[in-house]
Amino acid sequence: MKACIRGVGYYVPEEVLTNQYFESYLDTSDEWITQRTGIKERRRASSWENTSDLGAKAAERAIKAAGVGRDGIDLIVCATATPDMPFPSAACLIGAKLGLKGVPAFDLAAGCTGFVYGLAVASSFVESGRFRNVLVVGSEILTRIVDPMDRSTCVLFGDGAGAAVVSPSNGASEILGFKLHADGGYGELLYLPARGTALELTEEVLEKRLHYAKMRGNELFKIAVREMANVSIELLDELGVGKEEVDWLVPHQANIRIISTLAKRLGLPMAKVVVNIQKYGNTSAASIPIALGEALEQGRIKSGDLVLLVAFGAGLTWGAMLIRW
Ligand code: ACO
């Protein structure tokens, strides 16, 4: 049995942070941010919203689009680097918000590749016959873990959530395959030193701002481009699909220069690439389902299209998935 994506939904918080907002208090400019990243604005969750709130809203929309009803969901997987708290998991909290009593739920930590990892887990469960309808959510509130005084990270990230229901294929639409990779040896290129067991939240730790994400952007950039291109080609070769057959590339939205270099390496024109980084910045595990959700809403992705998802993120992790829509 093959699996397919039966419905997609997304939700972004209302508050918009423009580049001008950062200009107002940091040594940065709209021109630098636009040219170096492609980002013009991003969203910020309200103080009363948590990751599970965003995720539950996206999930409701995905379940509606899938037409399976809440009662049809057999498993909840939430990909996130910013859960409400270490436990209970964001997936359990989303389940409670959706009223899904007794449905198994767990979080998955694979940085910005989390949604592709989540779809891979879901499709494997569906293909095995173990579960029928798996809800995969990517939800993040990154504005709470980036240092508002660090211009090299705070301008990049935003909040949002996206979700999909993975179900048995009806024969037309199907997940054709995926490839996942990780290399923890590169972990310190993007890490959050002090929100786990490694460091206690002492005054010194807070003073050194170690409770905020640290990133070596320049080094990440080169690895991201190389590995996203490699994993895409590895997957297409394995499936015997030519690059020219891909109708849509839906990449993780981290930097427009990473996306356009990747498209060039894959020989795909930008007209076949889904880009919305200008509106939302990098929303980590939420970026691919938000981009997918928007492209479907706009009628760009149509049934029968070959859609290539590819992501790269903290871990480091990277992965690709090919879908016949
Ligand atoms: N405004 C103005 N100047 C800035 C800003 C800013 N917001 N941020 C950095 N600079 C400065 C730096 O301080 C540096 O100044 P210096 O030369 O005086 O030291 C200069 O700009 C160049 O810095 P670089 O880091 O070399 O700039 P680069 O062109 O590499 O762009 C960026 C930085 C945007 C972070 C880029 O490297 C990038 O996008 N990297 C990939 C990041 C990424 O993908 N991260 C996430 C991957 S995983 C995930 O998505 C969670």
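The values are calculated or read from the model by the stated rules, or taken from the named source; none is laboratory data. The shown structure was predicted, so the numbers you read here are calculated from the model rather than taken from an experiment. Neighbour counts run over all protein chains shown; Cβ positions are idealised from the backbone, glycine included.
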* Structure fact -> Looking across region 200-227 at residues that are more than 11 Å from the ligand (Cβ to nearest atom) and hydrophobic (A, V, I, L, M, F, W, C), the single one that is nearest to residue 81 (Cα to Cα) is 210
* Looking at (1) farther than 30 Å from residue 218 by Cβ; (2) more than 19 Å from the chain's Cα centre (by Cα); (3) acidic (Asp, Glu), which is the one condition that is false for residue 53? -> (2)
* Asked: Which strands (runs of 3 or more DSSP E) does region 119-228 wholly contain that include 3 or more residues that are under 21 Å from residue 50 (Cα atoms), within 18 Å of the chain's Cα centre (by Cα) and at pLDDT 95 or above?
  -> 134-141, 159-168
* Does at least one position in region 86-106 carry a residue that is touching a helix residue (DSSP H, G or I) at 6+ places or on another chain (Cβ under 9 Å) and within 16 Å of the ligand (Cβ to nearest atom)? -> no
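Might you let me know whether region 234-242 holds any residue that is more than 15 Å from the ligand (Cβ to nearest atom), at positive phi and outside the structural domain of residue 157 (by TED's automatic domain parsing)? Break it down stepwise before answering.
Start the filter on region 234-242 by keeping residues that are more than 15 Å from the ligand (Cβ to nearest atom), which leaves 234-242.
Okay, now just the ones that are also at positive phi, so 240.
Applying the additional criterion that residues be outside the structural domain of residue 157 (by TED's automatic domain parsing) yields 240.
Within region 234-242 (the criterion being more than 15 Å from the ligand (Cβ to nearest atom), at positive phi and outside the structural domain of residue 157 (by TED's automatic domain parsing)), the answer is yes, since at least one residue qualifies.
Return a yes/no flag: does region 260-280 have any residue that is within 16 Å of residue 164 (Cα to Cα), free of Cβ contacts under 8 Å to residues at least 12 places away in the same chain and assigned to a helix (DSSP H, G or I).
Taking region 260-280 first, the residues within 16 Å of residue 164 (Cα to Cα) are none.
No, region 260-280 contains no residue that is within 16 Å of residue 164 (Cα to Cα), free of Cβ contacts under 8 Å to residues at least 12 places away in the same chain and assigned to a helix (DSSP H, G or I).
Residue 313 - would you say it is closer than 19 Å to residue 42 by Cα, outside the structural domain of residue 145 (by TED's automatic domain parsing), within 11 Å of the ligand (Cβ to nearest atom) and not aliphatic (A, V, I, L, M)?
So residue 313 passes the test.
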* Asked: If you take just the strands (runs of 3 or more DSSP E) that sit entirely in region 4-104, which of them hold at least 1 residues that are modelled with pLDDT of 95 or more and touching a Leu at 6+ places or on another chain (Cβ under 7 Å)?
  -> 41-44, 75-79
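Restricting attention to region 96-130, report how many residues are of a type in the set (Lys, Arg) and in contact (Cβ under 8 Å) with a residue 12 or more places away in the chain. Working first, answer last.
So the first thing to find is which residues in region 96-130 are of a type in the set (Lys, Arg), and the list is 97, 101, 130.
Among the residues that remain, those that are also in contact (Cβ under 8 Å) with a residue 12 or more places away in the chain are: 97.
Qualifying residue count, region 96-130: 1.
Does residue 162 fit the bill of being exposed (fewer than 13 other Cβ atoms within 10 Å of the Cβ), touching a residue at least 40 places away in the same chain (Cβ under 8 Å) and either closer than 25 Å to residue 91 by Cβ or among the β-branched types (Val, Ile, Thr) (or both)? Give the derivation first.
Details: exposed (fewer than 13 other Cβ atoms within 10 Å of the Cβ): no; touching a residue at least 40 places away in the same chain (Cβ under 8 Å): yes; either closer than 25 Å to residue 91 by Cβ or among the β-branched types (Val, Ile, Thr) (or both): yes.
No, not satisfied.
May I ask you to list the residues in region 292-318 that are among the small types (Gly, Ala, Ser), free of Cβ contacts under 8 Å to residues at least 60 places away in the same chain and within 13 Å of residue 8 (Cβ to Cβ)? Let's see the steps before the verdict.
Start the filter on region 292-318 by keeping residues that are among the small types (Gly, Ala, Ser), which leaves 293, 295, 299, 303-304, 311, 313-315.
Adding the requirement that they be free of Cβ contacts under 8 Å to residues at least 60 places away in the same chain leaves 295, 299.
The one that is among the small types (Gly, Ala, Ser), free of Cβ contacts under 8 Å to residues at least 60 places away in the same chain and within 13 Å of residue 8 (Cβ to Cβ): 295.
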